[in-house]
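Undergrad: If you scroll down you'll find the structure; I have some questions about it.
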Amino acid sequence: MAKTIEEINEKIKKGNAVILTAEEIISYAQENGIKKTAQDIDVVTTATFSPMCSTGAFLNFGHSDPPIRMTKVWLNDVPAYAGLAAVDAYIGATELSETEGMSYGGAYVIEDLIAGKNIRLHATAYPTDCYPRREINTYINKDTINQAYLFNPRNVYQNYSVATNSSSKTIYTYMGKLLPNLGNATYSSAGQLSPMLNDPYYRTIGIGTKIFFGGGIGFVAWQGTQHNPEVERLPNGIPVGGAGTLALIGDLKQMSTEFIKAATFTGYGVTMFVGVGIPIPVIDEEMVEYLKVKDEDIYVNIYDYSVQRRNRPCYGRVNYKELRSGKIIIHKKEVPTGSISSYPKAREIAQILKEWILKGSFTLTQPVANLPTQGAIKPLNIVSEDEL
């Protein structure tokens, strides 16, 4: 019999809900079957901890005396976008410091804010009758500013590709360092723990879904940029390509540097590791069919990142069990593999979220709207003025 989110929340509040992580439900479903698992289990917790470049924070600094309408803003010499209102700004994770280059950027500013550190604020403006001040130099931290929240336009890719390099030189990418002559292959996913691989058709994950976000509570705000659900899918619903993405929002002041970490990828730039956990209600037997997915059921394409064009050569397809074994075969060559996503950290997040729900401090939300299941992303066409 199907269960509703309201019924599951009642069980959570009464302390008798049964919660498993996405790892735990695999063996439970194998031992007990689909029907009994759907009856017994109420929620499955999923998680990921990966570099997510499309991350940033909205900040409100409060008004100075005399007031200023900030038109250009720097935080620890990292430019922030100020074209919003007088004292609002958005700082992106990948924005680089004007003095330190790739060694420091927006992700580090965000992590420093979460850690409670003081951040140097420099802002300039043109004077007006209501905002006469031209410049300000001061220090802020998360306790002295007003609102501070992460709004991440594209997080939690549903699946992703494996990266390798067939050229004769080492290359540096957002997938990490790729050695020449197929010297290694990298990947980025929590596989069987990953949120949208456990809900491949977005039956329960939607706009308004409450989540674990960076150590605090957040929400799915919208479909993520580059949301691309119309990709090839396996019979079990698993997409072979990137497919779905999520836009996420959450209070920076609740977050922890345990689950929001800045990083620099050599030769590429600054990025941010983001920890996300999403609870999936076990509403029916169909949901169990998706939730029992294992690493060996999840396949991904291998692409050659040394080819600098959109349609890179594909060297076949592997599953996450093969990737986690430490080696795969490409063109009859044994190639070592490495993950830029942390599986142990994802496991930790799934367990924390499970404990929150068991304690009754975290209940589920009914999405206010579904994520799109149709639509495909388009490339940017380069058009000259003469062609218009």
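Undergrad: Which distance in nm do the two modelled labels at ARG120 and GLU232 give, with both placed 7 Å along the Cα-to-Cβ direction?
TA: Label-label distance for ARG120 and GLU232, simple model: 5.2 nm.
Undergrad: What distance in nm separates the two pseudo spin-label positions at ILE34 and LEU380, each 7 Å out from Cα along the beta-carbon direction?
TA: Each label point lies 7 Å from its Cα, and together they span 4.4 nm.
Undergrad: Could you state the number of Å between the C-alpha centres of segment 332-385 and segment 212-290?
TA: Cα centres, segment 212-290 to segment 332-385: 2 Å.
Undergrad: On to the next question. Would you mind checking the pairs LYS292/LYS321; LYS142/LYS261; LYS13/LYS294; LYS72/LYS142 and listing those with alpha carbons more than 23 angstrom apart?
TA: Over 23 Å apart, Cα to Cα: LYS13/LYS294.
Undergrad: Hey, another quick one. Over segment 182-281, what number does the Rg to Rh ratio reach, with both radii from the alpha-carbon atoms and Rh per Kirkwood?
TA: Looking at segment 182-281, the ratio lands at 0.99.
Undergrad: Once the convex hull of the alpha carbons of segment 62-145 is built, what does its volume come to per residue, in cubic angstrom?
TA: Cα convex hull per residue, to the nearest whole number: 81 Å³.
Undergrad: Additional query: How much of the pair distance distribution for segment 105-188 lies past 21 Å, counting alpha-carbon pairs only, in percent?
TA: Counting every Cα pair in segment 105-188, those more than 21 Å apart make up 61 percent.
Undergrad: Where the centre of each part is set by its Cα atoms, how far does segment 153-196 sit from segment 1-35, in angstrom?
TA: 33
Undergrad: Related question: Below 8 Å, C-alpha to C-alpha, sequence gap of six or more: please give me the relative contact order for segment 161-302 in percent. Write out the running numbers ahead of the final one.
TA: Numbers: 256 pairs, mean separation 37.7, N = 142.
It rounds to 27 percent for segment 161-302.
Undergrad: Work out which trypsin sites (Lys or Arg not before Pro) in the chain are exposed loop sites (DSSP not H, G, I, E or B, at most 10 other Cβ within 10 Å) and give the longest gap free of them.
TA: Maximal segment without exposed cleavage sites: 1-168.
Undergrad: Could you work out the percent of alpha carbon pairs in segment 41-81 separated by over 15 Å, rounded to a whole number?
TA: It works out to 66 percent of all Cα pairs.
Undergrad: Throw me the Rg/Rh for segment 272-388, computed over C-alpha atoms with Kirkwood Rh, two decimals.
TA: Values: Rg = 20.3 Å, Rh = 19.0 Å.
Taking Rg over the Kirkwood Rh, I get 1.07.
Undergrad: How fast does segment 1-135 diffuse by Stokes-Einstein, in µm²/s, taking the Kirkwood radius from C-alpha pairs at 4 °C and 1.567 mPa s?
TA: Diffusion coefficient, whole number: 68 µm²/s.
Undergrad: Determine the relative contact order of segment 37-171: mean sequence separation of Cα pairs under 8 Å and six or more apart, normalised by residue count, in whole percent. Don't jump to the answer; show the numbers that get you there.
TA: Numbers: 244 pairs, mean separation 38.6, N = 135.
Reported as a whole number, the value is 29 percent.
Undergrad: Counting only other residues whose beta carbon sits under 10 Å from that of TYR320, what net charge do I get with K and R as +1, D and E as -1?
TA: Net of charged neighbours comes to -1.
Undergrad: Follow-up question, since we're still on this one. Taking Cα Rg over 2.2 N^0.38 Å as the quantity of interest, determine which of (1) 1.44; (2) 1.24; (3) 1.06 was computed from the displayed structure.
TA: (3)
Undergrad: Further, regarding this structure: Strictly greater than 16 Å: what percent of every Cα pair in segment 1-79 meets that? Write out the running numbers ahead of the final one.
TA: Working: 2164 of 3081 pairs.
Across segment 1-79, Cα pairs with separations above 16 Å total 70 percent.
Readers should treat all values here as calculations from the given coordinates under stated rules, not as data from a laboratory. Fair warning: this is a prediction, and the values are worked out from it, not measured in the lab. All Cβ positions, glycine included, derive from the backbone under ideal geometry; neighbour counts span all protein chains shown.
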